[in-house]
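Q: Just passing along the structure, written as structure tokens.
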Amino acid sequence: MPPPPSAPADSHNRDIAVPLVRVDGVSKAFRTGGATRQVLRGSSFELHPATTVSLVGVSGSGKSTLISLLAGLERADSGRILFAGADLTELDDSARADLRAHRIGIVLQNANLIPFLTSRENVELAITLADGPQRARRARALLSEVGISHRADHLPRRLSGGEAQRVAVAVALANEPSLLLADEVTGELDSAGAEELLEAIFAVSRERGVAVLFVTHSDGLAARADRCLRLVGGEVHPR
């Protein structure tokens, strides 16, 4: 039997050209003490595989809300968020949680590591929760991938801020996500630490084909991304 035909040489480029995430006219408001605060107003943009996108905006502009919507932690009031063709706004809580568990990685400003587990154990637990095989081997590989394997047996309290964030990135990659969301992960780091962490994330995007959206207050770090977005008045604009 002849071997199956190989994929065309440009198939990888076509995959990148197809958006993984399409945000279409999304709005979100919150009610506090009887008052309504409109956070997002008809925002639209796309995220593509193997592409890094930065998101900047003043404090309180809605950046974290947008991250929560993309992660399926919040529901949009109107508009659509399509993830690989599935509309997050139409999925129930269970379906959104399943998508988050298997397709989305999230890294927050505070690394959120379990304090009584070592770096390796934190990653192994994340692999277990994602139903992944070969926990020990994959945990070591992930820690090595983000340049923190030498701290695998250290508890979080013995890690620097940058080291803890690298472990958090490894945890976020445990489910082999298609989308990595990073919310101000460099905010507490010095410039050298921020650069190193961001380069580790960029390497993951290139080598794994992961779409990355990262929030930052730094125009310098934002400019390092393939694309830059700015959130102003509840609307997302290209920079």
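Q: Counting only DSSP beta bridges with both residues in the chain, what percent are antiparallel, rounded to the nearest 5?
A: Within the chain, antiparallel bridges account for around 55 percent of the total.
Q: Now a separate question. Multiply the residue gap between Ala223 and Arg208 by 0.36 nm, knock off their C-alpha separation, and tell me the result in nm, one decimal place.
A: Length gained, Ala223 through Arg208: 3.2 nm.
Q: Still on this model: Taking the Cβ-Cβ separation of Leu117 and Ala35 as r and a Förster radius of 35 Å, what is the calculated FRET efficiency to the nearest 0.05?
A: Between Leu117 and Ala35 the formula returns 0.25.
Q: Taking the Cα centre of segment 126-199 as the origin and placing charges on Cβ (Lys, Arg +1; Asp, Glu -1), which of Ala136, His154, Ala126 is farthest toward the positive end of the dipole?
A: Toward the positive end, the furthest listed residue is Ala136.
Q: Then there's this: Between segment 96-126 and segment 145-183, what is the C-alpha centre distance in whole Å?
A: Going from one Cα centre to the other spans 9 Å.
Q: Sticking with this one: Would you calculate, for the chain, the mean residue ellipticity at 222 nm contributed by helices, counting each DSSP H stretch of 4 or more residues as -39,500 (n - 2.57) and dividing by all residues, to the nearest 500?
A: -10000 deg cm²/dmol
Q: Can you compute log10 of I(q)/I(0) for segment 135-239 with the Debye formula, treating each Cα as one identical point scatterer, at q = 0.13, 0.18, 0.22, 0.23 Å⁻¹?
A: Values returned for q = 0.13, 0.18, 0.22, 0.23 Å⁻¹ are -0.49, -0.89, -1.24, -1.33.
Q: Evaluate the charge dipole of segment 99-150 about its Cα centre and quote only its size in Debye, nearest 20, assuming +1 on the Cβ of each Lys and Arg and -1 on the Cβ of each Asp and Glu.
A: Result for segment 99-150 is approximately 120 debye, rounded to the nearest 20.
Q: Can you list the chymotrypsin sites (Phe, Trp or Tyr not before Pro) in segment 26-120 that are in a DSSP coil and have 11 or fewer other beta carbons within 10 angstrom?
A: Phe116
Q: Starting from the Cα gyration tensor of the chain, multiply each eigenvalue by 5, take the square root, and state the resulting semi-axes largest first in whole Å.
A: They are 28, 24, 18 Å, listed from largest to smallest.
Q: Hey, another quick one. Using amide H atoms built in the peptide plane, which far-off residues or other-chain residues are under 5 Å from Leu55 H to H?
A: Excluding prolines and chain starts, which carry no amide H, the hits are Phe214, Val215, Thr216, Leu229.
Q: How large, in percent, is the carbon and sulfur part of the accessible surface of the chain at a probe radius of 1.4 Å?
A: Summing carbon and sulfur atoms, their accessible area is 51 percent of the total for the chain.
Q: Using the heavy atoms of the protein chains and a 1.4 angstrom probe, tell me the accessible area per residue for the chain in square angstrom.
A: 49 Å²
Q: I would also like to ask the following. Under unit Cβ charges (Lys, Arg +1; Asp, Glu -1), what dipole magnitude, rounded to 20 debye, does segment 63-160 have relative to its Cα centre?
A: 560 debye
Q: Work from the charge dipole of segment 81-239 (Cβ charges, +1 for Lys and Arg, -1 for Asp and Glu, about the Cα centre) and give the residue of Val232, Phe83, Asn112 farthest towards its positive end.
A: Of Val232, Phe83, Asn112, it is Asn112.
The values are calculated or read from the model by the stated rules, or taken from the named source; none is laboratory data. It should be emphasised that the depicted structure is a prediction, and the values quoted were computed from it without experimental measurement. Glycine also receives a Cβ, built like all others from the backbone with ideal geometry; neighbour counts cover every protein chain displayed. For accessibility, only protein heavy atoms count, side chains too; no ligands or nucleic acids. Shrake-Rupley method; radii C 1.70, N 1.55, O 1.52, S 1.80 Å.
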